[in-house]
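The structure appears below as structure tokens.
The values are calculated or read from the model by the stated rules, or taken from the named source; none is laboratory data. The structure displayed is predicted, hence computed values, not measured ones. Using ideal geometry, Cβ is built from the backbone for each residue, glycine included, and neighbour counts are taken over all protein chains shown. For accessibility, only protein heavy atoms count, side chains too; no ligands or nucleic acids. Shrake-Rupley method; radii C 1.70, N 1.55, O 1.52, S 1.80 Å.
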Amino acid sequence: HVRVVEATTHDPLPAEDPCFSSSSSDGSSGGSALVALLVDVYHHLEFPRTVCRKLRAALHPTKGRLVVLDFHRDPSKVKSKPPEWVWGHLRAGQEVFREEILSAGWVLESEPLIPELKENYCMVFRPATPDELRSPGAGWAMAHHVAPPTRAPPEPEPEPAQKPAAAERPEANQRTES
């Protein structure tokens, strides 16, 4: 579950239901939450771009950060789970998730290595500025409802040459004299 929590240094964290807030106490457009932390959650999202856009609206437009920690989609790095779990449970890998988040109006700020988390990666994003959303780059494709660039599908491999059917082969139609 994705949960956006708004709190000041003097307030305890609220325990109410998850909520996406887009109002800010300082009058700026956008939310006032400072951090959205998704730990072992992102790979479960069915509509990741929608969730990322809502998180961007809920977070402070300049100070807000989205932090994603998730499993590597590589059985050689995830030792606590069988390879079948890695391939079956994780819908994609870090590269795909990074692109999904970028296309929802975020800018990658860092990918810190956390030595204690050998099975996981960490990515930190900030909301794209209005200027960044207006020009090609981070978040531009989704903000302008343009499909993000995709890789061209691989060229089909040529089919192996097949032998013609017996009726089409000249040697099949020749009669041998006895």
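Consider only pairs whose beta carbons are under 8 Å apart and that are at least six residues apart or on different chains; among these, list those whose first residue lies in the stretch 80-97 and is within 21 Å of residue 125 (Cα to Cα) and whose second residue is in a loop (DSSP other than H, G, I, E, B) and open to solvent by less than 70 Å² (accessible area, probe 1.4 Å).
Listed pairs, sorted by first residue: 93/72; 93/74; 94/72.
Would you please list the contacts, defined by Cβ atoms under 8 Å and residues six or more apart or on different chains, that run from a residue in the stretch 45-56 that is under 18 Å from residue 70 (Cβ atoms) to a residue that is polar (S, T, N, Q) and modelled with pLDDT under 95?
49/103
Out of 108, 90, 117, report the one residue that is touching a strand residue (DSSP E or B) at 6+ places or on another chain (Cβ under 8 Å), of a type outside the set (Ser, Thr, Tyr), farther than 26 Å from residue 33 by Cβ and modelled with pLDDT of 90 or more.
Details: 108 fails: farther than 26 Å from residue 33 by Cβ; 117 fails: farther than 26 Å from residue 33 by Cβ.
That would be 90, the only listed residue that is touching a strand residue (DSSP E or B) at 6+ places or on another chain (Cβ under 8 Å), of a type outside the set (Ser, Thr, Tyr), farther than 26 Å from residue 33 by Cβ and modelled with pLDDT of 90 or more.
Show me the strands (runs of 3 or more DSSP E) entirely contained within the stretch 63-138 in which 2 or more residues are open to solvent by 30 Å² or more (accessible area, probe 1.4 Å) and under 30 Å from residue 31 (Cβ atoms). Steps first, please.
On the way: elements: 65-71, 106-110, 120-127.
It comes to 106-110, 120-127.
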